Amino acid sequence: MSRLAGQVAIVTGGARGIGRGIVERFLAEGATVMIADLDEDGAPIEAALGRHALYRRLDVTRADDWTAAFDALSDRCGRIDILVNNAGTSHGGSIEAASEADWRFVMDTNALSVFLGCQAAVKAMRATGGAIVNIASARGQRTGAAQCAYSASKAAVLSLTESVALHCGELGLPIRCNAICPGVIDTPLMRGHAAKQSPGDPAAAIAAMTAMGIVGRLGTPHEIGDAAVFLASAEAAFVTGAVLNVDGGFRIRDF
Ligand code: NDP
């Protein structure tokens, strides 16, 4: 039996990287998935993923985009069961290097986005129930000098996850809200970050990032997809307000 059979999901940032891994795992488990991303043309993505994949352009920092996407999916499928707030940026910078504009960009893309997504999801799911999965980061629990805005934005996601779970619990709404903290996952964002950190030798930056965990390799988007399937499925019916670390041991590593 497919673990998400008949479920209707939205995955933001689903065109590439971790989001794409989550979309592929959701489709394999029987869900219908709206892939929400910045690409103007979603036809190639829909063609690659099959008839249960729908693409929609959604800028996660824009409240009106959220409303339009939820309305469209709800009209088409009758309900929405799962939201994965995945879209994000890794834009870095220390307290001296980062500008006010950097801070605002990171906070809007990584934290305001999740706030808007959770608002839309709670509104859509309050009668029928559902699951929200927020993609935070191991850096939201353990920061670094060069991560000031990024870590703060992901710590905000973790706190917001708990607040949404508590709100739904207090009102008796059948909505669970959980977070995943990925470690270093092999995606375009991670490779772009490595190229910026070590322009002449990105492989050295990737090796250094790999060494931040204890498993000895990078994680894969499908491994985050597997964790998201669990949290979205009935197997996690008693799990809410939780953080699932899928980080190759990054958080507990003794540097
Ligand atoms: P990628 O950049 O590879 O993919 C992110 C996707 O989100 C892209 O398709 C991107 O579009 C899209 N996106 C960016 N901004 C917006 C926006 N405003 N509205 C809608 N879509 C948007 O990133 P990853 O897959 O690596 O990361 C996914 C999430 O996982 C992020 O939240 C990230 O912080 C988190 N994470 C990643 C880790 C890693 O090692 N990769 C580690 C820990 C957490 P476009 O390409 O057009 O910008």
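The table below gives the values:
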read-out	value
Unmet requirement for residue 229, which otherwise passes all of (1) farther than 21 Å from residue 30 by Cα; (2) of a type outside the set (Lys, Arg); (3) away from the ligand (no atom under 12 Å from the Cβ)	(1)
Selection count where residues are among the basic types (Lys, Arg) and surrounded by 24 or more Cβ atoms within 10 Å (Cβ to Cβ), scope region 8-24	1
Enumeration of residues in region 105-121 that are within 14 Å of the ligand (Cβ to nearest atom) and of a type in the set (A, V, I, L, M, F, W, C)	105, 106, 107, 111, 112, 114, 115, 116, 120
Residues located in region 1-40, provided they are more than 13 Å from the ligand (Cβ to nearest atom) and of a type in the set (Asp, Glu)	29
Members of region 43-54 found to be within 16 Å of the ligand (Cβ to nearest atom) and touching a residue at least 24 places away in the same chain (Cβ under 8 Å), listed by number	45, 49, 53
Qualifying positions in region 75-126 - touching a helix residue (DSSP H, G or I) at 6+ places or on another chain (Cβ under 8 Å) and loosely packed, with under 14 Cβ neighbours inside 10 Å	94, 95, 123
Only one of 98, 72 that is at negative phi and outside any loop (DSSP other than H, G, I, E, B)	72
Counted residues, region 122-147 - those being touching a Phe, Trp or Tyr at 6+ places or on another chain (Cβ under 8 Å), in contact (Cβ under 8 Å) with a residue 40 or more places away in the chain, within 16 Å of the ligand (Cβ to nearest atom) and assigned to a helix (DSSP H, G or I)	1
Restricting region 169-188 to residues that are near the ligand (Cβ under 6 Å from one of its atoms) and not in a loop (DSSP other than H, G, I, E, B), the residue that is surrounded by the fewest Cβ atoms within 10 Å (Cβ to Cβ)	188
Residues of region 30-55 that turn out to be surrounded by 19 or more Cβ atoms within 10 Å (Cβ to Cβ) and among the charged types (D, E, K, R), as a count	1
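This table checks each residue for (1) under 20 Å from the mean Cα position of the chain (by Cα); (2) closer than 13 Å to residue 245 by Cα.
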| position | (1), (2) |
| --- | --- |
| 139 | yes, yes |
| 175 | yes, no |
| 190 | yes, no |
| 199 | no, no |
| 220 | yes, no |
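FYI, it's all coordinate maths here, none of it is from the lab. Since this is a predicted model, take the numbers as computed values, not measurements. When we count neighbours, we look across all protein chains shown, and the Cβ atoms used for this are built from the backbone with ideal geometry, even at glycine.
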